[in-house]
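J.: Can you keep this structure in mind? I'll have questions shortly.
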Amino acid sequence: MTTMTMYEQWASPVIRQIREKLAWSSEKNKDKLPYTTGPDGSYLDRAAGNDCNGLSWWTNGFWGGTMWLLYQDTQQEGYKEIAQAAEQRMDACFNFFYGLNHDAGFMFQPTAVEDYRLTGNEASRRRGLYAATLLAGRFNPVGKFIRAWDGAWPGADTRGWAIIDCMCNLPLLYWASRESNDPRYKQVAMLHADTAMQHFIRADGSVRHIIEFDPETGAYLRSHGGQGYGHGSAWARGQAWAVYGFTLSYLYTGKEEYRAAAQKVADYCLAHLPQNGLVPCDFTQPAQPAWEDSCAAAILASGIWELAEALPGAAEKEHYHQAAWRLADALYRQRTDWSRGCDAIVQNCTAAYHDKNHHFPMNYADYYFIEAVYKMAGKNYMPW
Ligand code: GLY
């Protein structure tokens, strides 16, 4: 007889709640690409127009990704059908082209690449390789970074901009190298990861959001506060992308420095976590207003769990497993909604500190929370 770990015991009833909520919410929203909810708690469709705010919106892959997680758990065909419908709908992004940017990994890895991994679907493999090729095409060889966005807003010159979030898009490139046997994708990913290690991570383990390089010479110009509190601050979701992204780069390459970078950023986050275990929008923000970002918490929980798995020593493994579980449990107890009053589970997400709106659901918070819970249950459904 096998004994369940304390994490498996914790995860088991949470998974029952996830199954119940998603059985209802997936059916209700099967024709949408959800990002956030409207005033009545129902998901809105984020796919109006082809641009980077519509069909090419960077989070649109997480709906299909969530469906594939549930499909693997339940083996119910309905989830597969919804995931594949979302993937096919997103195909038009390739024809439009202009809406696509460095977020190609977030968009096509949990959808097309996952479809191919689970079903062998050849059209999905092609989509995955196409997306990876577009992502690699954003590489600036002089500055050795992947350009983040194109016209982020009218008049902005973002030719030299790289952002920490991109660390979680790199697995698409590692996958493409493995799949195509062409080392260039991995080379691009590692050159970008090396640049990110050098320029984004501060000595104390906090992380910058945006770095601006000279697009012609590659020289470092300046950093920007981006979605965080301000210049020099520690935007929590950026820290989370770094922890998870460097861990994944380590897993694909075996380069120890990447794991050490992930650990250093994780330690910064854990040292700055408030007493209630909930993650603020920015670790350096003033006490008031106390904006939270549950999405950062969910990404951190899944990323720190992955880091724990990648560490060799039993004691440090357990330290980070505990830390990841505490983050997930704090979210579960204080910021989840299992009712039918809201289509999303995870509440109180914040897209950016200085935005007008705060504390609303974001579909990828649900994705990463569910991913973390499955990991804690000992299930390996990793799409990255
Ligand atoms: N990758 C964009 C964000 O985290 O808001």
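J.: Calculate, axis by axis, the spread of Cα positions in the stretch 59-215 along the three principal axes, and write the results as whole Å, longest axis first.
T.: 48, 33, 31
J.: So, in nm, how far is label SER339 from label LYS356 when the simple model puts each one 7 Å beyond its Cα toward the Cβ?
T.: The modelled label-to-label distance comes out at 2.7 nm.
J.: I've got another one for you. ILE304: net charge of surrounding residues, Cβ under 15 Å, Lys/Arg +1, Asp/Glu -1, itself excluded?
T.: Details: positive: ARG237, ARG259, LYS264, LYS317, ARG326, LYS375; negative: ASP267, GLU306, GLU309, GLU316, GLU318, ASP329, GLU371.
Taking every Cβ under 15 Å from that of ILE304, the sum is -1.
J.: Of THR284, GLY99, SER124, which is farthest towards the positive pole of the chain's charge dipole, taken about the Cα centre with +1 and -1 on the beta-carbons of Lys, Arg and Asp, Glu respectively?
T.: Sorting the options by dipole projection puts first SER124.
J.: Which pairs in the list LYS264/LYS356; LYS255/LYS317; LYS144/LYS317; LYS317/LYS379 are over 22 Å apart, alpha-carbon to alpha-carbon?
T.: Long pairs (Cα-Cα over 22 Å): LYS264/LYS356; LYS144/LYS317.
J.: Would you mind listing how long the stretch 233-384 runs along its three principal axes, going by Cα atoms, in whole Å with the largest first?
T.: Its Cα atoms span 42, 34, 25 Å along the three principal axes.
J.: Rounded to the nearest 20 debye, what is the charge dipole size of the stretch 98-172 about its Cα centre when +1 sits on each Lys and Arg Cβ and -1 on each Asp and Glu Cβ?
T.: Rounded to the nearest 20 debye, it is 240 debye.
J.: Relative to the compact-globule scaling 2.2 N^0.38 Å, provide the ratio for the alpha-carbon radius of gyration of the stretch 75-162.
T.: Cα-based Rg divided by the globular estimate yields 1.24.
J.: Then there is this: Arrange the residues THR284, THR66 by how much accessible surface each exposes, largest first, with a 1.4 angstrom probe.
T.: THR284, THR66
J.: With every protein chain in place, what's the accessible area of VAL142 (1.4 Å probe, Å², nearest 10)?
T.: Its accessible surface works out to 80 Å², give or take rounding.
J.: Calculated from DSSP H runs of 4 or more alone, at -39500 (n - 2.57) each and per residue, what is the 222 nm mean residue ellipticity of the chain, nearest 500?
T.: One gets -16500 deg cm²/dmol as the mean residue ellipticity at 222 nm.
J.: Given a 1.4 Å probe and every protein chain left where it sits, what share in percent of the accessible area of the chain is carbon and sulfur?
T.: Roughly 51 percent, rounded to a whole number.
J.: In straight Cα distance, which lysines are under 22 Å from LYS30, not counting same-chain residues fewer than 8 positions off?
T.: Partners found: LYS21, LYS80.
J.: Report the gain in length on full extension from ARG222 to SER42: 0.36 nm times residue separation, minus Cα-Cα distance, nm rounded to one decimal.
T.: 60.7 nm
J.: Of the residues PRO274, PRO34, PRO154, which exhibits the maximal mean-square fluctuation in a Gaussian network model of the chain defined by a 10 Å Cα contact cut-off?
T.: Its mean-square fluctuation being the largest, the pick is PRO154.
J.: Here's another thing I want to ask about it. Given a 1.4 Å probe and the protein chains all in place, what does the accessible area of THR350 round to, in Å² to the nearest 10?
T.: Per-residue accessible area (THR350): approximately 0 Å².
J.: Need the full-extension length gain, ASN181 to GLU256, defined as separation in residues times 0.36 nm minus the C-alpha distance. One decimal, nm.
T.: 24.7 nm
J.: Just the number please: accessible area per residue for the chain, 1.4 Å probe, all protein chains included, in Å².
T.: Counting only protein heavy atoms, the per-residue value for the chain is 39 Å².
J.: At 0.36 nm per residue, minus the direct Cα-Cα distance, what do GLU122 and GLU81 gain on full extension? Give it in nm, one decimal, please.
T.: 13.1 nm
J.: Also, I was wondering about something else. Which value in nm describes the separation of the simple spin-label points at ASP204 and TYR98, placed 7 Å from the Cα toward the beta carbon?
T.: Once both label points are built, they end up 4.3 nm from each other.
The values are calculated or read from the model by the stated rules, or taken from the named source; none is laboratory data. Computed from a predicted structure; not experimentally measured. A quick note on method: Cβ atoms are made from the backbone with ideal geometry, for glycine too, and the neighbour counts reach across all protein chains shown. These area figures cover heavy atoms from the full protein model, side chains too; ligands, DNA and RNA do not enter into them. Shrake-Rupley method; radii C 1.70, N 1.55, O 1.52, S 1.80 Å.
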